[in-house]
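The values are calculated or read from the model by the stated rules, or taken from the named source; none is laboratory data. Source: prediction; values computed, not measured. Here the Cβ positions follow ideal geometry from the backbone for every residue, glycine too, while neighbour counts run over all protein chains shown. Only protein heavy atoms, including side chains, enter the accessible area calculation; ligands, DNA and RNA are left aside. Shrake-Rupley method; radii C 1.70, N 1.55, O 1.52, S 1.80 Å.
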Protein chains: 2
Amino acid sequence: MKALEEKILRDGQVRPGNILKVDSFLNHQMDIEFINEIGKEFHRLFGDRPINKILTIEASGIGIACIAAQYFGVPVVFAKKAQSVNLDGSLYTTQVESFTHKRTYDVILSKKFLTAEDHVLVIDDFLANGCAVNGLLDIIESAGATLEGVGIVIEKGFQDGGKELRARGVDVKSLAIIKSMTDDSIEFAEQD
Amino acid sequence: MKALEEKILRDGQVRPGNILKVDSFLNHQMDIEFINEIGKEFHRLFGDRPINKILTIEASGIGIACIAAQYFGVPVVFAKKAQSVNLDGSLYTTQVESFTHKRTYDVILSKKFLTAEDHVLVIDDFLANGCAVNGLLDIIESAGATLEGVGIVIEKGFQDGGKELRARGVDVKSLAIIKSMTDDSIEFAEQD
């Protein structure tokens, strides 16, 4: 998505530890008009699938998923980072390691909101080592739901998450894929 | 907002400890079509103010704020629950006590995204004892920004948050105000 690459080049900031800050438009301040363009693009890419639910994970995926869901006409369900996991059997649970925060946390989703009937599009802001997406795929598998695809805003192509998911046959589409980045430059992978 | 009261009566569940679960449409699964109606209602109530930014707090406020922001044509900024607060002066910080989780956490907002030029509408899903909103008002005050109003989806009118904010002159508008609730019944306050 050309407009996204341009926005990353203009407003993104590379920080030590392979951190790309896009907090001026994507995940702290949110440019809602631009995120609508992102939502339209996800619909262009996945609109031909029988998707009836969008799944994301708190916190920064939520707004993007909600805006995108308007173009699909479906509800959003977001997995929550758990304060405490109750074990009454009403929740799907999995563990996710955070790349940015260098810690592992429990993630939960109420069983009421994902079942074997569901056809799911996963949406998230970033894909790096793939931990968050893999956690969501665990949950989809536990539910017996059908994964229709994974829509990512920014993929760090120099980390292995996207590669591994595609090798498993998951249909991952990222609106921008960063091939390499340094303090001075960001290079994107060619896309169709 | 009549449609919201009806939805709470139909889909809400009262749980021990004055918990109202509305996770089937508002803060776990999100009914995006209905949340658009909520966004329109916030715009009907606050659309005459010179609002240039919507402020909320992660996680469950984000989706509602993003949908509502479309009707105002403004960006969203969300305060983050901090893993760790850096003290380099680039962040506003405050503390918020969670009613549901019975703990206090640090909340941060990058100073870049809120300044004395800003006219802010605060949006959140719930108002009970007012801790989350008060945290956001602290941040607005630190920034020297102008608070234009507070839009809440569901206010627990039997707790003191809304009363105290209004006594301080804050323009709080809640789309549904619960006067009392028991396992069997939910009663709403009359509204204009």
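Return yes when residue A:54 is of a type in the set (A, V, I, L, M), surrounded by 21 or more Cβ atoms within 10 Å (Cβ to Cβ) and within 20 Å of residue B:34 (Cα to Cα) and no when it is not. So residue A:54 passes the test. Scanning the stretch B:40-54 for residues that are more than 10 Å from every other protein chain (Cβ to nearest Cβ) and touching a residue at least 12 places away in the same chain (Cβ under 8 Å) yields B:40, B:41, B:42, B:43, B:45, B:46, B:47, B:49, B:50, B:51, B:52.
Looking for something within 24 Å of residue A:26 (Cα to Cα) and either part of a strand (DSSP E or B) or more than 12 Å from every other protein chain (Cβ to nearest Cβ) (or both) - is there at least one such residue anywhere in the stretch B:58-74? Scanning the stretch B:58-74 turns up no residue that is within 24 Å of residue A:26 (Cα to Cα) and either part of a strand (DSSP E or B) or more than 12 Å from every other protein chain (Cβ to nearest Cβ) (or both). Looking across the stretch B:5-19 at every residue that is at pLDDT 95 or above and open to solvent by 50 Å² or more (accessible area, probe 1.4 Å), the one that is farthest from residue A:72 (Cα to Cα) is identified as B:9.
So which residues in the stretch A:127-138 are open to solvent by less than 50 Å² (accessible area, probe 1.4 Å) and among the charged types (D, E, K, R)? It would help to see each step written out before you state the result.
At the first step, the residues of the stretch A:127-138 found to be open to solvent by less than 50 Å² (accessible area, probe 1.4 Å) are A:127-128, A:130-137.
Once the filter is applied, which keeps residues that are open to solvent by less than 50 Å² (accessible area, probe 1.4 Å) and among the charged types (D, E, K, R), the stretch A:127-138 yields nothing.
Among residues of the stretch B:1-16 that are free of Cβ contacts under 8 Å to residues at least 12 places away in the same chain, those with a beta-carbon under 7 Å from a residue that is of a type in the set (D, E, K, R) and surrounded by 13 or more Cβ atoms within 10 Å (Cβ to Cβ) at least six positions away or on a different chain give the pairs B:13/B:21; B:15/B:21.
Taken together, A:34, A:25, A:42 contain a single residue that is among the aromatic types (Phe, Trp, Tyr) and within 18 Å of residue A:146 (Cβ to Cβ), which is A:42. Any residue in the stretch B:27-39 that is within 16 Å of the chain's Cα centre (by Cα), more than 7 Å from chain A (Cβ to nearest Cβ) and within 26 Å of residue B:112 (Cβ to Cβ)? For the stretch B:27-39, residues within 16 Å of the chain's Cα centre (by Cα), more than 7 Å from chain A (Cβ to nearest Cβ) and within 26 Å of residue B:112 (Cβ to Cβ): present. Candidates B:80, B:111, B:102: the one that is charged (D, E, K, R) and more than 15 Å from residue B:55 (Cα to Cα) is B:102. Scanning the stretch B:92-105 for residues that are within 12 Å of chain A (Cβ to nearest Cβ) and either open to solvent by 40 Å² or more (accessible area, probe 1.4 Å) or modelled with pLDDT under 75 (or both) gives B:100, B:101, B:102, B:103.
Taking the options B:155, B:97, name whichever one is under 29 Å from residue B:17 (Cβ atoms), under 11 Å from the mean Cα position of the chain (by Cα) and among the charged types (D, E, K, R).
On the way: B:97 fails: under 11 Å from the mean Cα position of the chain (by Cα).
From the options B:155, B:97, the qualifying one is B:155.
Exactly one residue out of A:171, A:160, A:88, A:192 is more than 14 Å from chain B (Cβ to nearest Cβ), at pLDDT below 95 and more than 20 Å from residue A:59 (Cα to Cα), and it is A:192.
This table checks each residue for (1) basic (Lys, Arg); (2) in contact (Cβ under 8 Å) with a residue 60 or more places away in the chain; (3) within 30 Å of residue A:89 (Cα to Cα); (4) open to solvent by 40 Å² or more (accessible area, probe 1.4 Å).
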{"position": "A:125", "(1), (2), (3), (4)": "no, yes, yes, no"}
{"position": "A:140", "(1), (2), (3), (4)": "no, yes, yes, no"}
{"position": "A:143", "(1), (2), (3), (4)": "no, no, yes, no"}
{"position": "A:150", "(1), (2), (3), (4)": "no, no, yes, no"}
{"position": "A:153", "(1), (2), (3), (4)": "no, yes, no, no"}
{"position": "A:163", "(1), (2), (3), (4)": "yes, no, no, yes"}
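Within the stretch B:20-50, the residues that satisfy the criterion of being assigned to a loop (DSSP other than H, G, I, E, B), open to solvent by 20 Å² or more (accessible area, probe 1.4 Å) and either touching a Lys or Arg at 6+ places or on another chain (Cβ under 6 Å) or not charged (D, E, K, R) (or both) are B:24, B:27, B:47, B:50.
This table checks each residue for (1) in contact (Cβ under 8 Å) with a residue 40 or more places away in the chain; (2) of a type in the set (Asp, Glu).
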residue: A:106; (1), (2): no, yes
residue: A:115; (1), (2): no, no
residue: A:134; (1), (2): no, no
residue: A:159; (1), (2): yes, no
residue: A:175; (1), (2): yes, no
